[in-house]
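> Mind having a look at this structure? Questions to follow.
The values are calculated or read from the model by the stated rules, or taken from the named source; none is laboratory data. Remember, it's a predicted structure, so these values are computed and weren't measured experimentally. Positions of Cβ are generated from backbone atoms using ideal geometry, with glycine treated the same way; all protein chains shown enter the neighbour counts. For accessibility, only protein heavy atoms count, side chains too; no ligands or nucleic acids. Shrake-Rupley method; radii C 1.70, N 1.55, O 1.52, S 1.80 Å.
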Amino acid sequence: MSAIDLAIVGAGPAGLAAAATAAELGLSVTVFDENTAPGGQIYRGIEAVAGPRARDLAVLGPAYAAGKAVVERFRASKAGYSPATTVWLVQKDRRLGILRDGKASMVEARRVLIATGALERPVPIPGWTLPGVMLAGAAQSLLKASGMVPAGPVVLAGNGPLLWQLAAQFVAAGVNIAALLETGSAYKAALPHLPAVVLAGGYLAKGLGLIASVRKAGVPIRRSVEGLRAVGKGRLQAVEFTAGGRAERIPAELLCLHQGVVANAQLGMAIPLKHEWVEAQRCWRPVLDAWGNSDVEGIAVAGDGAGIGGADAAVHAGRIAGFEAARALGRIDAAARDARAAGDVAAWRRHLRARPFLDALYPPARALRVPADDVMVCRCEEVTAGQVREAVRQGGTGPNQVKSFTRTGMGPCQGRMCGLTISEIIADALGKPVAAVGTYRIRPPIKPLTVGELAALE
Amino acid sequence: MSAPGDFDVIVIGGGLHGCSAAYHLAAARLKPVVLEKHVVARHASSASAGGVRRLGRDPAEIPLAMASIEMWHAMRATLGDDGEFRATGQVRVAENVDELRQCEARAAQVRALGYDHEVVIDRKELRRLVPAVAEQCIGGLYTARDGYAFPFKATTAFRLKAEALGAVVKEDTRVEAIERSGERWLVTTNRGPFRAPVLVNAAGAWGAEIARMLGEEVPIEPVALMMMVSGRMPHFLDPTVGSMGRKMSFKQMQSGTVVIGGGHRGRVDPLTELTELEFQFLGESARTVAAIFPLMKHAPLVRCWAGIEGFTPDELPIIGPSKAVPGVFHSFGFCGHGFQLGPVVGSITAQLVTGGKTNLPIEPFRVDRFAGSPPQA
Amino acid sequence: MFRRLHEPANAVTIQIDGSPVRAAPGDSVAAALLATGNPVCRQSPASGADRAPFCMIGACFECLMEIDGVPNRQACLVPVREGMQVRRQARPTPVGAVASPADKVAS
Ligand SMILES: Cc1cc2nc3c(=O)[nH]c(=O)nc-3n(C[C@H](O)[C@H](O)[C@H](O)COP(=O)(O)OP(=O)(O)OC[C@H]3O[C@@H](n4cnc5c(N)ncnc54)[C@H](O)[C@@H]3O)c2cc1C
Ligand SMILES: Cc1cc2nc3c(=O)[nH]c(=O)nc-3n(C[C@H](O)[C@H](O)[C@H](O)COP(=O)(O)OP(=O)(O)OC[C@H]3O[C@@H](n4cnc5c(N)ncnc54)[C@H](O)[C@@H]3O)c2cc1C
Ligand code: FES
């Protein structure tokens, strides 16, 4: 087995840009992604939105259409692409465990770039496991990949740019939006960051434009929503909440929840790369140098998996990582890297200037970070916030012990849907910062392998 | 107690053995303190497969294992919590005639020692006990009153009962130095000094480090033993199943998940206490499982991990008084099979502390048995 | 629960619990399921409650279905194929619901 120069995990904007850049500099590159087509989350299905579906571009908007160029440049490069391939292991020695066609195998690389992007932050509310409740990004993925929209009345609830973007896309597609419920936006806290977001260019105008288009369509909007719950017998029937002190109930067939996105750090945590808690984004991210290098030799991280920066920042971060890979493997020297990457470094920094404003404007609501006792926080094992607090009372001082007490995080999602909530609840119960409480020890395989799949590994 | 740092016994290590010792000491009306550098059950005692197994034990361990199984059966009564112990039996399957002969020889050996807990079972009995077993399995060995428990919960059960009886557990407290001060031991930790006339060394894979602080050299190799667990499966298995010819331990837990071990080794860095999994060995483990339990082919393995355990050259633990200094009792290096022995070894240690002797034969486990043996190549 | 903005060109047909479901090439199995009237993909192994796909990006593991005889596959990541056999998953029989053979030995 001969080693490839650069193995990239994730075919989103960061991974695709890195692959094209590195391949153009003569590195042998392979991009692994568990989806069947390139694009990542933001540009999901971009190559399929053509022919009869070309009209969907009008619904999806210009930010989505921008992905065409990113994917085309990747396709035009010599970079290899392994779709429908899950990377379940990255070792310190830069061997990757992959799963393809029902068989596990190992790949060797001289360098690894983790570009696994983001996940939506969990939104634990009463009733969030009912069929008919989904994450907003899930509904959006259906629109991108399959041109599907909700058939019946839909309620959008939570906060963050993606929620408004989805609302605007639904408006354009003629979806019946019963209400948009905002769980709180902190305009005052965000104000000091206003000059920076203006300098970052485009972000404010884009956001205001989305909000205006939703308002103009007459979508009922409630602000400062609290006590959000999904109700129904075996299936969502209505959404209940209070807004401005008034209790309301809105019948709906679908509830789309959203509270922003967080770095998908699972793969790096399993190595383990060093991670830190980011208070402003209330999530973990790997500790990296200016070129995206982690504390483990030869393993770098770029894009939203390195901390949320958005798709445009991800493209530049990917290119920067591509130049750095070429330098590390001796294709170009440090001076050439600096010269070639200068434009991307400047653009990357400019895009990141928008984050403090967005992070401050859309903080995850406390009731959703630290839910009430009766709310189920671990969906796989059906463990409530109250059971987690009980485990803390019995002496559990961290997520790993609480896991042993309660089985949280022991299901197939391996803590992706509960990890942040568990850390937040424990920190809150002990009166400690989340950084001190820590998170689950993540172990490979970061996605379940079957006995038969693993048996193929010699 | 005079000063807050004063105890009757200092127990180093908050694993199953430290917690069991603390419980038995507290039950004997002494005041022990358990010093644990991380949290209780951070290492082997939560990573463990939790097999409560007498089946196949070294003859030297059988008397202890026989006493311990009674304590497992009485655990709910003594501790108020059974650590999810389930006495569903242990089976070792034979896949060919050779292995079946080994079963017969083993059963005869155990009978000759005066025990009758290991019995040979035939093809039909094997299928009655383990309906899901593969066609090529022709029989095996069986112990009816063995079973499994949930390691974290069993360790916690000892800890909580010990605390209820007056023991103190100090987590995040690392023993850094030990010195004699008059009639007592002065133990220095990152959280200040502790003093007591008696020390119990239950530091697991790090037991030799503690022994070294006392001037006693013990050859211990830290080993990372790897485990895998499946998602919840439909109920198909009650006993814990091992194999005569292959590395496998296999059990379905109360939740429906299947816990798979067998002694495959990962990599370990005892300093950072980090382990790395060796997936080619887990691949072999998966092939073994698929061969003996064909219905597992599509079972998802949701987590793998490794736990650090101390191994001695003869794969028997260190139990009993220090031979170098007074007032120190060892209980460490359980070589991957100390879970079942947890209850009894804690009581042995308490007997040694309170009365200087025990009625169980612990001579084979004495700490100085490797002294003077030729150095390992 | 979802509708299509356009009728699929070159539709394929899969079976969900034996009933034919039309899908577009490139759809995930979960998408095809959500385009039917019933979004339920399985019962939760812990309590048996009905569950439906939740994240659609392979993170939540709610969409586990039996696909062509293989259980627990992430339906949101598996593309549809003509003739594919898909089944909703029932809660696995809990341990303890069946009398243990060892209990019988003991009694
Ligand atoms: C559901 C969702 C929808 C979003 N939609 C938008 C949007 O419409 N507009 C917007 O501005 N931002 C959106 N975002 C934010 C998004 O994170 C960024 O804008 C952008 O996609 C980040 O690019 P990236 O390259 O860092 O990662 P991503 O685009 O997330 O790409 C990462 C890729 O890695 C793959 N991957 C992850 N782990 C593995 C593994 N172990 N093995 C194999 N493959 C793996 C993923 O499947 C994915 O294809 C969305 C985020 C989410 C979670
Ligand atoms: C994967 C695996 C599977 C196993 N399966 C089985 C099985 O099926 N059946 C069976 O009988 N046995 C099994 N075993 C063995 C059994 O689990 C162990 O023998 C037993 O748990 C050991 O307990 P212990 O208390 O000696 O060690 P540990 O649980 O490791 O406890 C020792 C403690 O000492 C602490 N410590 C060390 N140094 C210091 C210091 N300087 N200061 C303070 N604290 C310190 C450590 O942090 C640790 O918590 C298995 C072991 C492993 C790893
Ligand atoms: S819907 Fe979340 S993993 Fe498929």
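> Can you send over the carbon and sulfur percentage of the accessible area for the stretch C:12-91, probe radius 1.4 Å, protein chains only? Could you put the intermediate results ahead of the total?
On the way: 1220 of 2640 Å².
The computed percentage sits at 46.
> Post the alpha-carbon centroid distance, the stretch A:116-194 to the stretch B:65-126, in whole angstrom.
With the stretch A:116-194 and the stretch B:65-126 each reduced to a Cα centre, they are spaced 57 Å.
> Still on this structure: Other chains near A:390-401: what is the mean number of their Cβ atoms within 10 Å of each residue's Cβ?
3
> Another question about this same structure. In a shell of Cβ-Cβ distance under 11 Å around A:T116, excluding A:T116 itself, what net charge do Lys and Arg (+1) and Asp and Glu (-1) give?
Its environment carries a net charge of -3.
> Next question. Please give the net charge around A:P445, taking every other residue with its beta carbon less than 12 angstrom from that of A:P445, where Lys and Arg add +1 and Asp and Glu add -1.
Value of the local net charge: +2.
> In terms of Cα to Cα distance under 18 Å, which lysines are near enough to B:K247, apart from those fewer than 8 places away along the same chain?
Correct list for B:K247: B:K297.
> Within the set of other residues whose C-beta is less than 14 Å from the C-beta of A:L208, count the net charge using Lys and Arg as +1 and Asp and Glu as -1.
On the way: positive: A:K206, A:R215, A:K216; negative: none.
Within the 14 Å Cβ shell, the charges total +3.
> Sequence gap at least 6, Cα distance under 8 Å: using those rules, report the relative contact order of chain A to the nearest whole percent. Before the final figure, lay out the partial values.
Values: 1010 pairs, mean separation 85.0, N = 458.
About 19 percent, as a whole number.
> Using alpha carbons only, how many angstrom separate the centre of the stretch A:7-51 from the centre of the stretch A:195-216?
28 Å
> Continuing with this model, one more query. Within 10 Å of each Cβ in B:150-160, how many Cβ atoms from other chains are there, averaged over the peptide?
2
> How much area per residue is accessible in chain A when the probe is 1.4 Å and only protein heavy atoms are counted (Å²)?
Normalised by residue count, the accessible surface of chain A is 35 Å².
> So, with a 1.4 angstrom probe, what is the percent of accessible area on chain B that is carbon and sulfur?
53 percent
> Of the peptides A:196-206, A:22-32, how do they stack up when ordered by the mean number of other Cβ atoms within 10 Å, highest first?
Result, highest mean Cβ count within 10 Å first: A:22-32, A:196-206.
> Step through the table entries B:K37/B:K153; B:K323/B:K357; B:K153/B:K357; A:K92/A:K144; A:K447/B:K37; A:K144/A:K233, compare each Cα-Cα distance with 25 Å, and write down the pairs that go over it. Intermediate results must be reported in sequence, preceding the final value.
Details: B:K37/B:K153 19 Å; B:K323/B:K357 14 Å; B:K153/B:K357 30 Å; A:K92/A:K144 36 Å; A:K447/B:K37 31 Å; A:K144/A:K233 30 Å.
B:K153/B:K357; A:K92/A:K144; A:K447/B:K37; A:K144/A:K233, as the Cα separations exceed 25 Å there.
> Multiplying the sequence separation of A:A346 and A:R110 by 0.36 nm and subtracting their Cα-Cα distance, what value in nm do you get?
The span from A:A346 to A:R110 would gain 82.2 nm if fully extended.
> Something else about it: Based on the alpha-carbon gyration tensor of the stretch B:84-126 and its eigenvalue square roots a ≥ b ≥ c, which shape applies: rounded if a/c is under 1.5, prolate if not and a/b is larger than b/c, or oblate?
Because a/c hits 1.5 or more and a/b fails to exceed b/c, the stretch B:84-126 counts as oblate.
> Can you tell me the orientation of helix A:311-328 relative to chain A, as the angle in degrees between its alpha-carbon axis and the longest Cα principal axis, to the nearest 10?
With rounding to tens, the tilt is 30 degrees.
> What are the aspartates and glutamates whose alpha-carbon lies under 20 Å from the alpha-carbon of B:K170, with same-chain residues fewer than 8 places away excluded?
Within the straight-line limit of under 20 Å, B:K170 reaches these aspartates and glutamates: B:D6, B:D8, B:E36, B:E179, B:E209, B:E273.
> Which value at 222 nm does chain A reach when only helices count, each DSSP H run of 4 or more adding -39,500 (n - 2.57), with the total divided by all residues and rounded to the nearest 500 deg cm²/dmol?
Value at 222 nm, helices only, nearest 500: -10500 deg cm²/dmol.
> Next up: With r as the distance between the Cβ atoms of B:K357 and C:S19 and R0 = 56 Å, compute the FRET efficiency 1/(1 + (r/R0)^6) and round to 0.05.
0.15
> Moving on. If R₀ is 30 angstrom, what is the calculated FRET efficiency for the pair B:R174 and B:V325, using the beta carbon separation as r and rounding to 0.05?
For B:R174 and B:V325, the calculated efficiency is 0.90.
> In Å², rounded to the nearest 100, what is the total accessible surface buried by chains A and C against each other with a 1.4 Å probe? Let's see the in-between values first.
Values: alone 19270 and 6640 Å², together 22490 Å².
Summed over both sides, the interface buries about 3400 Å².
> Sticking with this structure for a sec: Considering only protein heavy atoms, what is the solvent-accessible area of B:T156 at a probe of 1.4 Å, reported in Å² to the nearest 10?
For B:T156, the solvent-accessible surface is approximately 10 Å².
> Evaluate the charge dipole of chain B about its Cα centre and quote only its size in Debye, nearest 20, assuming +1 on the Cβ of each Lys and Arg and -1 on the Cβ of each Asp and Glu.
Magnitude of the dipole: close to 680 debye.
> Could you give the nm distance between label points at B:Q102 and A:A69, where each point is 7 Å from its Cα heading toward the beta carbon?
It works out to 6.7 nm between the two label points.
> Divide by every residue of chain B the summed helix terms, -39500 (n - 2.57) for each DSSP H run of at least 4, and state the resulting mean residue ellipticity at 222 nm, rounded to the nearest 500 deg cm²/dmol.
Working: 10 runs with 105 residues, N = 377.
Rounded to the nearest 500, the figure is -8500 deg cm²/dmol.
> Using a Gaussian network model of chain B whose springs link C-alpha atoms within less than 10 Å, name the residue from B:R303, B:R54, B:R42 with the highest mean-square fluctuation.
The residue with the greatest mean-square fluctuation here is B:R303.
> How about chain A: what cysteines have no other cysteine beta carbon under 4.7 Å from their own?
Isolated Cys, chain A: A:C256, A:C283, A:C380, A:C413.
> Where only protein heavy atoms count, and the probe is 1.4 Å, what is the accessible area per residue for the stretch C:12-91 in Å²?
In whole numbers, the stretch C:12-91 has 33 Å² accessible per residue.
> Assuming R0 = 51 Å, what is the FRET efficiency of A:D338 and B:R191, from their Cβ-Cβ distance, to the nearest 0.05?
The pair A:D338/B:R191 has a calculated efficiency of 0.60.
> While we're on this one: Just tell me which aspartates and glutamates come within less than 20 Å, Cα to Cα, of A:K432; anything on the same chain fewer than 8 places away is out.
A:E276, A:E279, A:D373, A:E390, A:E424, B:E171, B:D172
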